[in-house]
Structures are given as structure tokens and as C-alpha cells.
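Written out below as C-alpha cells is the structure these notes cover.
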Amino acid sequence: METIRGTVSKVKIIKMSEHPLVYFKVDEVSCLIATHSLSFLADVAEGSRIAVAGEFNSRKQFVCKKYAVIGKPQIVIEYERSRYPHKVRC
């Protein structure tokens, strides 16, 4: 299994199904993810820094098996930017 680190660009949903197929680029490397694609879409946006692990297929596309966001996930950033007040716990 190989590892690639870099900045995400050009995120697209290729196929909608129970497990959507998502295409994205990490520093000019074409990548695909299907296994954790819904959580990937919640965690990653264009410009995010990530590390992905997987293998290349016959079309020279990197098929991602695992991913990790370097820094804060996108869903956390959106929550922090929310205009609604955060719930105060006693």
C-alpha cells in the first residue's frame, strides 16, 4: 500500500449509489474513493490537506483505501463558523 500527502483539488461525485464513487485530485494525482466516501465528503473540501493510502489501478488512478485529514476536518470548520450559538453545558 502506498501513501500520498498533499492538497485536495477538484472534488466530484462520479456515481451516486449506496456507496458513492468520489473523484478528487491530490497534487496532480487522480484519486478515487468509494469505501468511506460519505464521510470523506463531510471531512474534506477543496484546499484541505490530507494523507491517503491505497494503490494505483490500471488507469493510473490512485484508489484510496484510507484517508486522514491533516488539521481540522471541514465539518468542524463549518460548525465553528456557524452563526448559531453553541450549546452551553452545565
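Values quoted throughout were computed directly from the atomic coordinates according to the rules given, and no laboratory measurement underlies them. Given the structure is predicted, the values throughout are model-derived calculations rather than measurements. Note that we place each Cβ from the backbone using ideal geometry, even for glycine, and neighbour counts take in every protein chain shown.
Below is a table of values for the structure above.
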read-out	value
Positive dipole terminus of the chain, leading residue within Tyr67, Ile77, Thr3 (C-beta point charges)	Ile77
Label zone at Glu2, where the point sits 7 Å out along the Cα-to-Cβ direction: the range 25-41 residues whose backbone N lies under 11 Å	29-30
Potential extension, Cys90-Lys60 segment - 0.36 nm per residue separation minus Cα distance	5.4 nm
Under-26-angstrom lysine pairs by C-alpha in the chain, whenever the two are 8 or more apart or on separate chains	19
Three-way shape call for the range 2-81 based on the alpha-carbon gyration tensor, with the a/c threshold at 1.5	oblate
Student exercise, the chain dipole from Lys, Arg, Asp, Glu Cβ charges, in Debye to nearest 20	200
Segment Arg81-Lys12, extension gain: residue separation times 0.36 nm, minus the distance between their alpha carbons	22.4 nm
Taking the range 2-81 and dividing mean pair separation by its residue count, relative contact order in percent (alpha carbons under 8 Å, at least six apart)	29
Ellipticity estimate at 222 nm from DSSP helix runs (n ≥ 4, -39,500 (n - 2.57)) divided over the chain, nearest 500	-4500 deg cm²/dmol
Least to most buried among Arg59, Arg89 (fewest other Cβ within 10 Å first)	Arg89, Arg59
